[in-house]
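Note sheet for the following structure.
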Amino acid sequence: MRKVDKDAKKITIRHGPIRNLDMPAMAMVFPVKDPAMLDQVKAGEKVRFSAEKLDGVYVVTNIEPVK
């Protein structure tokens, strides 16, 4: 994970392919469904996350640090 922007409620993640969204590997800025999720992670950490397309926008719906 590259960046956490609590003010904008967004997170920048470098990820592998996301099959359920038919998305190739890339770095991308995602809005988060629940801003409280951003308190669980820090820039530089490896994370596991889920994303969905909601109202035409890719949104992180769950995120947790990988231990």
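The values are calculated or read from the model by the stated rules, or taken from the named source; none is laboratory data. Just so you know, these numbers come straight off a predicted model, no measurement behind them. Backbone-built Cβ (ideal geometry, glycine too); neighbour counts: all protein chains shown.
Brief remarks follow.
- Residue among Ala25, Ala36 that alone is out of contact with any strand residue (DSSP E or B) (no Cβ under 7 Å at 6 or more places or on another chain) and either at pLDDT 95 or above or among the polar types (S, T, N, Q) (or both): Ala36
- Per-region count, the range 38-63, residues surrounded by 12 or more Cβ atoms within 10 Å (Cβ to Cβ) and more than 22 Å from Asp22 (Cα to Cα): 4
- Residue list for the range 1-11, restricted to those being closer than 14 Å to Asn62 by Cα, assigned to a strand (DSSP E or B) and without any contact (Cβ under 8 Å) to a residue 40 or more places away in the chain: Lys10
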